[in-house]
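In what follows, a single structure is set out as structure tokens and then discussed.
The values are calculated or read from the model by the stated rules, or taken from the named source; none is laboratory data. Everything quoted here is computed from the prediction, not taken from an experiment. Here Cβ is always computed from backbone atoms with ideal geometry, including for glycine, and neighbour counts include all displayed protein chains.
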Amino acid sequence: MELQSAKTEMLNEGGDVEGGGQKSQMKRRQEEDDGRVSPPKKLVIDHSVKVASHYNSLQEVGLAARSRSRIFFMRNFNNWLKSVLIGEILDQVRETGPQQVSVLDLGCGKGGDLLKWKRGGINHLVCADIAGVSVEQCQSRYEDMKKKSHVNEKIFNAQFINADCSKEVLSEKLDDPEQMFDICSCQFVYHYSFESEQKANMMLRNACERLKPGGFFIGTTPDAFELVKRLEASDSLSFGNEVFKVSFGSKGFYPLFGCQYHFSLEDVVDVPESLVYFPLFEHMAKRYNMRLVLKQRFSEFFEEKVKKEHHRSLMMKMMALQPFPCEDGGRQAADSRGEYGHAEEHSVRAGVQLPLGTLSRSEWEAASIYLVFIFQKMS
């Protein structure tokens, strides 16, 4: 009854999410309740195996190959954004004084954030992911990182768990059954769990139930409202550009759980995903005594954080933006001049001299699908 009332409440707040309009959707539900209309039967498919198989099959490539990627700068931009998010949250955790910092990386993948946790000086890390091959590669990266560290350099200890965190209780797999965490980080992963209410809740339970009071649940996920807006503006059931494509099965009806779409991004992602209706996500998090601290689109987060000198410096170090135009005969990520028209327009409008840092138009369009979220556990 609690979830049903929440659905009704959220439909009243933003009725377009679960239908072509609030009134028509509510009318249909009333007719279903009266027995006049049979609700459409939907074949429920579990995409977990497909997702795990996709990420297990991704080949590990070297720096040289990654630098030739069409989305090289976008990936660096996303990495910079995560670095800023993680760094600022670690600072907040330590505001209460020196302590042993423990982190859960939920959906760790191949370990792309290991260096961020190392630079953050944490003490303990638990990495969990549905893809067994990815977990093995993550553990291998960690072992290499330890070998290459200096004699007096302190490296966090770590545990690696291969598990479907939308189905299995993670606390039962911890080496230390009493382990509690200061931070749970869930980067570009949580949306897979919104395939069903049960999966979304289990993922949330794994993220939040072992957090200490005052601990943080942070992450990045696609913005459902932005995806639906772009779909409704499209003449077809898909939208995208030369680096990404999003395809839906239909328009006008967007269930709160299991609203599937297919997302492909260059050679990195090609899997089914689910819309995360954020008001419902926030409502569910309250069950675990979590309050929303921040929800920002990538563009908003970038515009705010880039104002700080140390974030700008990190951005240059991580090559998170591409110089436009390229200097010294360098090659732009995209061949089309139109891919950088926005940079030229900004230069003229803001009176900024070229070259300036940017992403190609296609990369901006892909990156701007996502949002950042921060929840904190109440005492």
### Task
Considering only the range 229-245, state which residues are among the aliphatic types (A, V, I, L, M) and free of Cβ contacts under 8 Å to residues at least 60 places away in the same chain.
Leu231, Ala233, Leu237
### Query
Taking the range 176-214 on its own, how many of its residues are out of contact with any Gly (no Cβ under 6 Å at 6 or more places or on another chain), within 13 Å of Ala128 (Cα to Cα) and either assigned to a loop (DSSP other than H, G, I, E, B) or not polar (S, T, N, Q) (or both)?
3
### Summary
The one condition Glu365 fails out of (1) surrounded by 19 or more Cβ atoms within 10 Å (Cβ to Cβ); (2) under 18 Å from the mean Cα position of the chain (by Cα); (3) modelled with pLDDT of 95 or more is (1)
### Task
Scan the range 241-296 for residues that are on the phi > 0 side of the Ramachandran plot and either exposed (fewer than 15 other Cβ atoms within 10 Å of the Cβ) or out of contact with any strand residue (DSSP E or B) (no Cβ under 9 Å at 6 or more places or on another chain) (or both) and jot them down.
Gly252
### Message
Just to be sure before I move on: is Glu172 modelled with pLDDT under 95 and of a type in the set (D, E, K, R) in the structure I sent?
### Response
no
### Query
Taking Asp182, is it out of contact with any helix residue (DSSP H, G or I) (no Cβ under 8 Å at 6 or more places or on another chain) and among the acidic types (Asp, Glu)?
no
## Note on the structure
Listed by first then second residue, the pairs whose first member lies in the range 247-265 and is in a loop (DSSP other than H, G, I, E, B), whose partner is hydrophobic (A, V, I, L, M, F, W, C) and crowded, with 19+ Cβ neighbours inside 10 Å, with beta carbons under 7 Å and at least 6 positions apart or on separate chains, are Lys251/Leu231; Tyr254/Val17; Tyr254/Val228; Tyr254/Leu275; Leu256/Leu280; Phe257/Phe194; Phe257/Ala200; Cys259/Leu275
### Task
Would you point out which residue out of Lys116, Lys154, Lys146 is more than 22 Å from the chain's Cα centre (by Cα) and part of a helix (DSSP H, G or I)?
Lys146
### Message
As an exercise: evaluate Asp235 against (1) closer than 30 Å to Asn76 by Cα; (2) surrounded by fewer than 17 Cβ atoms within 10 Å (Cβ to Cβ); (3) at pLDDT 95 or above; (4) not aromatic (Phe, Trp, Tyr) and give the number of the one condition it does not meet.
### Response
(1)
#### Entry: Unmet criterion (only one of (1) exposed (fewer than 12 other Cβ atoms within 10 Å of the Cβ); (2) acidic (Asp, Glu); (3) at pLDDT below 65; (4) assigned to a helix (DSSP H, G or I)) for Asp91
(3)
### Task
Could you pull out the residue among Ala233, Ala200, Ala224 that is closer than 16 Å to Leu280 by Cα, among the hydrophobic types (A, V, I, L, M, F, W, C) and out of contact with any Cys (no Cβ under 9 Å at 6 or more places or on another chain)?
Ala200
### Query
Which condition does Ile218 not pass, out of (1) of a type in the set (A, V, I, L, M); (2) touching a Cys at 6+ places or on another chain (Cβ under 8 Å); (3) farther than 22 Å from Arg119 by Cβ, if it passes all the others?
(3)
### Query
Among the residues of the range 275-287, is any of a type in the set (Ser, Thr, Tyr), under 23 Å from Asn206 (Cα atoms), touching a Cys at 6+ places or on another chain (Cβ under 7 Å) and at pLDDT 95 or above?
no
